[in-house]
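The values are calculated or read from the model by the stated rules, or taken from the named source; none is laboratory data. Only a predicted model underlies this, so the values are computations on that prediction, with no experimental measurement involved. For neighbour counting, all protein chains shown are included, and Cβ atoms are generated from backbone atoms with ideal geometry for every residue, glycine included. Accessible surface areas use protein heavy atoms only, side chains included; no ligands, DNA or RNA. Shrake-Rupley method; radii C 1.70, N 1.55, O 1.52, S 1.80 Å.
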Amino acid sequence: MRDLRATRQDFPILQRTVRGRPLVYLDSAATSQKPLAVIEAIEGYYRTSNANIHRGIHTLGDEATEAYENARAKVARFIGAPSPRGVVFVRNTTEGINLVAYAWGRRNVRADDEIILTEMEHHSNLIPWQMLANEVGARLRFVPLAPDGTFAPEALERLLSARTRLVALPHMSNVLGTINPVRAVADLAHAAGALVVVDGAQSVPHLPVDVREMGCDFLAFSGHKMCAPTGIGVLWGREDLLEAMEPFMAGGGMIREVHWDYATWDEIPHRFEAGTPNIAGAVGLGAAVDYLEGIGMAAIRQHEVEITAYALEALRHLGDVTLYGPRDAQRRGGVVSFNVAGVHPHDLGTVLDEHGVAIRAGHHCCQPLMRKLGVPATARASFYLYNVPEEIEALVAAVQHARELFSGVRAR
Ligand code: PMP
């Protein structure tokens, strides 16, 4: 197994300093850093093979098409998809979920139907369903969370009924870190005749994910959180469902035959990729998949469990720190949200930045969850394969410094 510490050398940005200190990047849940292999793959594509795809009758067009479709095949393998036909390239998780809400939802969800979500939804897996529900007269219901930020499958079972069309949930929460029991959810939902949409934004980059083992019907995730560039993401869907869906957007690249007054659609997945896609982005995503597979997702997961356990323990020891989410690092991903008594998370973030420590502070696109937690915002440190224990120590020292600064302010 590769020593993950050595992966730091693969990420040029980790060599830089911030405010005269080494960069401590603890914001990978927002977006990950990019290894040289990905940067070079994108550059190489533009230097040698750039052309539009699926229409060229020249060498560059063929090469670009091959690179784009190779990336699709790599992604399919990475998530255990039965074939690349179920892999639709989109911009990000948000677009993938919207695609399902429009192309599947508008045709299959009707008045008085129900859509079940959880209380930990990111706005990207909430607002598309709100809009759908409002448009067709359906209702949203929410699986309640226990105080530790988890839910048991029985909590979902109580909400399921013959009215349920869809259950949509995150595989892993971007605030609490909770890893949800997707397989059990899928089994219960399917038994009730509902489909399952998984928001994989936080899980696909960090754990081994297999759509067949998860048993979900759709899975959306973003390239930029898994070492790939921004502007490329994936919606995987069960092929029979995608086959039965109308396009989400229309234009070039998604048709078979066009007449003045009607058109017929291309095969899946091209039917859902109208217009010139992000070819270089897909090439970058393919390179990111190669990179992550080279290290091994199980090794990345193990590393993050260790670093998260270390961070939870260190922050708990500080005192005056409220931690959110499950206590057990095995039940959560590498995301630690917290609040320090007497210090607003935004102030904390600013002081940490002076130490070169990058975290995120705010509602993390989860305003209803913040209300449930009874706070306007949290600070969030999030980890990836390249983080090392010394960076947790830098975080803790910076938090300690902020606390002293603000207790000084209070005392004056
Ligand atoms: N869902 C979750 C759980 C997320 O963490 C994020 C990103 N913060 C998203 C969805 C949305 O991802 P994107 O902005 O790449 O569409």
Practice task
Would you check if S203 is assigned to a helix (DSSP H, G or I), at pLDDT 95 or above, closer than 21 Å to T94 by Cβ and polar (S, T, N, Q)?
Solution key: no
Exercise for the section: Test each condition in (1) out of contact with any helix residue (DSSP H, G or I) (no Cβ under 8 Å at 6 or more places or on another chain); (2) in a strand (DSSP E or B) for A361 and report the one that comes out false. Expected result: (1)
Practice task
Give the residues of the stretch 160-186 that are away from the ligand (no atom under 16 Å from the Cβ), assigned to a strand (DSSP E or B) and not charged (D, E, K, R), sorted by residue number.
Solution key: T164, L166
Handout entry: Count - residues of the stretch 300-346 that are surrounded by fewer than 15 Cβ atoms within 10 Å (Cβ to Cβ) and aliphatic (A, V, I, L, M)
Key = 2
Practice task
Report the residue count in the stretch 1-36 for those that are within 16 Å of the ligand (Cβ to nearest atom), of a type in the set (S, T, Y) and open to solvent by 30 Å² or more (accessible area, probe 1.4 Å).
Solution key: 1
Fill in the blank from the handout: Selection from the stretch 129-149 of residues part of a strand (DSSP E or B) and either within 16 Å of the ligand (Cβ to nearest atom) or under 16 Å from D199 (Cβ atoms) (or both) yields L140, F142, V143
Exercise for the section: Considering every residue within the stretch 87-97, establish whether at least one is over 30 Å from G334 (Cα atoms) and either of a type in the set (G, A, S) or surrounded by 23 or more Cβ atoms within 10 Å (Cβ to Cβ) (or both). Expected result: no
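Results for (1) more than 25 Å from the chain's Cα centre (by Cα); (2) over 20 Å from G253 (Cα atoms), shown as yes or no for each residue.
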{"position": "T17", "(1), (2)": "yes, yes"}
{"position": "V24", "(1), (2)": "no, yes"}
{"position": "K34", "(1), (2)": "no, yes"}
{"position": "A51", "(1), (2)": "yes, no"}
{"position": "H58", "(1), (2)": "yes, no"}
{"position": "E69", "(1), (2)": "no, no"}
{"position": "I79", "(1), (2)": "no, yes"}
Problem - So A287, is it surrounded by fewer than 23 Cβ atoms within 10 Å (Cβ to Cβ), of a type in the set (A, V, I, L, M) and either over 17 Å from the mean Cα position of the chain (by Cα) or over 30 Å from S173 (Cβ atoms) (or both) - result: no
Problem - Single unsatisfied condition, E43 versus (1) open to solvent by 70 Å² or more (accessible area, probe 1.4 Å); (2) of a type outside the set (G, A, S); (3) under 24 Å from I279 (Cα atoms); (4) in contact (Cβ under 8 Å) with a residue 24 or more places away in the chain - result: (4)
Handout entry: Residue in the stretch 371-390 that is farthest from the ligand (Cβ to nearest atom), counting only those that are surrounded by fewer than 19 Cβ atoms within 10 Å (Cβ to Cβ) and more than 30 Å from I295 (Cβ to Cβ)
Key = G374
Problem - Residues within the stretch 82-128 that are aliphatic (A, V, I, L, M), under 19 Å from L140 (Cα atoms) and away from the ligand (no atom under 16 Å from the Cβ), tallied - result: 5
Practice task
Just name the residue that is farthest from the ligand (Cβ to nearest atom) out of those in the stretch 214-235 that are touching a residue at least 60 places away in the same chain (Cβ under 8 Å) and open to solvent by 10 Å² or more (accessible area, probe 1.4 Å).
Solution key: P229
Problem - Of the criteria (1) away from the ligand (no atom under 15 Å from the Cβ); (2) surrounded by 20 or more Cβ atoms within 10 Å (Cβ to Cβ); (3) outside any strand (DSSP E or B), which one P208 fails - result: (2)
Handout entry: the stretch 329-341 residues that are closer than 8 Å to G177 by Cβ and in contact (Cβ under 8 Å) with a residue 24 or more places away in the chain, paired with ones that are among the basic types (K, R) and part of a strand (DSSP E or B) (beta carbon under 6 Å, 6 or more apart)
Key = S337/R380
Practice task
Hey, can you tell me all the residues within the stretch 251-273 that are loosely packed, with under 15 Cβ neighbours inside 10 Å and in a loop (DSSP other than H, G, I, E, B)?
Solution key: G251, G252, H259, W260, D261, Y262, E267
